[in-house]
Amino acid sequence: MGRGKVQLRRIESNVSRQVTFSKRRSGLLKKAHEIAVLCDANVAVIVFSAKGRLYEYSAHTSMERILERYETFSLSQGNVVEEFTDLEGSMNYDHIKLTSRIEALQKSRRNLMGEQLDSLTAREVQQLEQQIGNALRNIRLKKNHLLTNSIGELQNKANLTIY
């Protein structure tokens, strides 16, 4: 027994709309993951909720790399959708690019803070772990350098007070 055809129109009830959004969003992200795994495709999905919350999924590589690849490909092919050719030189196009960049950086920051890690692949988790390890190493080097300098200054002051 199949489902009946769903009439596509805005759901009036806020609760029903939110439940439907949540279920369909997870279904969409699941389908994106499936096509990425089954077909070894680079997939990126970006969804904004009615409240402006960002949900995104990228497979095999970061969202930023996929968006850069898309931009490079579409501009080099000359098959850019007409909407984007009109926006290309305008501030609106720049705004879209910068907004996308900000969202990618915010996602990266959240990942570095250990948040929203569910959508990451094993390779992305390893890369994240390596980034955090490198950052921690740099912080410890800076701390040791500052402590060494401070100890040296204190020893110089101690030697001056002795004489």
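Of the residues examined, Asn14 is one that is loosely packed, with under 14 Cβ neighbours inside 10 Å, over 30 Å from Leu128 (Cα atoms) and modelled with pLDDT of 85 or more.
Identify, please: which residue in segment 47-63 is free of Cβ contacts under 8 Å to residues at least 40 places away in the same chain and not in a loop (DSSP other than H, G, I, E, B) and is, among those, surrounded by the most Cβ atoms within 10 Å (Cβ to Cβ)? Only one residue fits best here, namely Tyr55. Within segment 17-45, restricting attention to residues that are in a loop (DSSP other than H, G, I, E, B) and at negative phi, the residue that is surrounded by the most Cβ atoms within 10 Å (Cβ to Cβ) is Val43.
Within segment 136-146, not a single residue is out of contact with any Ser or Thr (no Cβ under 9 Å at 6 or more places or on another chain) and either acidic (Asp, Glu) or open to solvent by less than 70 Å² (accessible area, probe 1.4 Å) (or both). Being at pLDDT below 90, open to solvent by less than 100 Å² (accessible area, probe 1.4 Å), over 18 Å from Glu64 (Cα atoms) and out of contact with any Leu (no Cβ under 9 Å at 6 or more places or on another chain) is a description that does not apply to Ala122.
The values are calculated or read from the model by the stated rules, or taken from the named source; none is laboratory data. A quick note: this is a predicted structure, and the numbers were derived from the prediction, not measured. Positions of Cβ are generated from backbone atoms using ideal geometry, with glycine treated the same way; all protein chains shown enter the neighbour counts. Heavy atoms of the whole protein, side chains included, go into the accessibility calculation; ligands, DNA and RNA do not. Shrake-Rupley method; radii C 1.70, N 1.55, O 1.52, S 1.80 Å.
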